[in-house]
């Protein structure tokens with residue numbers, strides 16, 4: 001069967017609503033630090049614990065989508081996300097919130113179960129466009145989540161945001177069971193063989209290795225920026241509250257609207273050229289950020305560049321890997337996304353370290369080196385099959 005437009009749009013919406021769980025905490029760091037009476041850098045650890053949990057969930061849970069029926073797996077995992085969010089909302093101390101953050105990340109891997117499902121139910125000619133549309137939902141969720149979280153934090157406190165997110169995930173789990181098509185898996189081996197095959201894929205698929213390295217470094221830049229930007233905007237000369245900081249997430253939403261176009265170009269075989277353009281935009285963004293520590297206009301320009309660049313790189317790479325082995329899409333996605341979000345977690349921790357010892361300039365220079373590293377890998381592997 002093929003997907004209808006309404007099904008694709010709902011998949012995009014579900015993807016955005018669940019992935020938002022990973023980013024609600026970012027504008028709330030200041031409020032959390034105040035309640036638990038800890039410094040803001042320590043409170044910021046929940047941002048990379050959430051990303052680390054996501055990487056763990058990707059590695060251990062997403063491969064099961066090649067063996068289990070995907071609709072049921074997606075519904076159950078969404079329900080688990082709701083439970084983890086309730087745990088965060090009820091946290092009585094910061095350690096419990098850290099544990100809840102890790103669990104939220106692990107249970108919010110639903111988008112990476114939906115994407116392979118969407119790819120498997122799409123024709124070859126439309127796959128890039130479908131992936132791009134679903135990815136639009138994902139990026140909108142990432143970016144708008146910060147804005148929503150910032151305002152809810154001001155009105156209802158940081159706990160209110162987690163309660164609302166828990167309710168959304170619970171309703172989504174019910175709707176998914178009624179609206180998603182049944183999508184049976186093709187892998188017939190044992191669970192041990194399933195996980196062992198991840199190493200085989202890494203060894204035998206050079207396109208997967210290249211795409212994963214580039215994505216990981218790009219996501220590390222993204223994590224370093226968004227984690228430390230909250231700290232930058234909370235101090236002089238800005239001194240913004242969580243609601244105002246959250247508004248900056250809307251600036252990057254333009255990247256989401258570029259995703260279907262990027263996917264369409266990928267259907268024409270132009271993915272690798274587009275990745276090069278994305279890498280240039282990511283590098284340029286941190287040059288702009290370096291000179292914009294006191295400029296709102298400069299930060300806005302940089303956010304547009306970094307989000308457009310990341311979306312361009314990510315959608316193009318994802319289209320490439322889904323074209324490799326149709327029967328192994330969940331496992332390919334596991335390798336690709338687990339290391340990408342591990343990159344986000346490492347980048348966030350790296351950004352906090354640079355912020356603590358070298359300030360905003362150090363963050364920008366460090367992230368710039370990550371971008372240069374991704375560009376070097378891109379140039380050295382240009383002879384790889386141009387998918």
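Numbers below:
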item	result
Added length on full extension, which subtracts the Cα-Cα distance from 0.36 nm per residue, residue 5 to residue 300	102.9 nm
Estimated [θ] at 222 nm from DSSP helical runs (n ≥ 4, -39500 (n - 2.57)) normalised by residues in the chain, nearest 500	-27500 deg cm²/dmol
Residue with peak Gaussian network fluctuation, the chain [Cα springs, cutoff 10 Å], from 170, 225, 289	170
Listed residues 333, 93, 241, most fluctuating in the chain (Gaussian network, C-alpha, under 10 Å)	93
Separation in nanometres of the label points that stand 7 Å from Cα toward Cβ, at residue 193 and residue 41	5.1
Residue 177-residue 236 pseudo-label distance in nm [points 7 Å out on the Cα-to-Cβ vector]	5.7
Rg(Cα)/(2.2 N^0.38 Å) for segment 201-245, N = residue count	1.84
Residue exposure sequence - 5, 329 - by fewest surrounding Cβ within 10 Å	5, 329
Span from the segment 312-383 Cα centroid across to the segment 276-298 one, whole angstrom	17
Read-out mean projected area of the Cα convex hull in nm², derived from the coordinates shown; its label in (i) 27.3; (ii) 16.9; (iii) 19.6	(ii)
Mean Cα-pair separation over length for segment 76-182, i.e. relative contact order, pairs under 8 Å, 6 or more apart, %	42
Per-residue Cβ neighbour rank within 10 angstrom, fewest leading, 361, 307, 66, 39	39, 361, 66, 307
Compactness of segment 318-382 - radius of gyration and Dmax, Cα, Å	15.5, 47
Sorted by Cβ density within 10 Å, fewest first, the residues 72, 203	203, 72
Segment 35-109 and segment 141-161: distance between their alpha carbon centers, rounded to Å	17
Gain upon complete extension [residue 365, residue 69; 0.36 nm per residue less C-alpha separation]	102.0 nm
For segment 262-358, projected area of the alpha-carbon convex hull averaged over all directions, nm²	7.1
Nitroxide proxy distance, nm - points 7 Å out along Cα→Cβ at residue 357 and residue 90	4.1
Candidates 32, 376, 76, ranked by Gaussian network fluctuation over the chain, Cα under 10 Å, top entry	376
Dimensionless Rg ratio for segment 1-153, taking C-alpha atoms and the 2.2 N^0.38 Å reference	1.11
Calculated P(r) tail over 17 Å for segment 76-139, as whole % of Cα pairs	52
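We did not get these values from a lab; they are worked out from the coordinates using the rules stated. Values in this document were obtained by computation on a predicted structure and should not be read as measured data. When we count neighbours, we look across all protein chains shown, and the Cβ atoms used for this are built from the backbone with ideal geometry, even at glycine.
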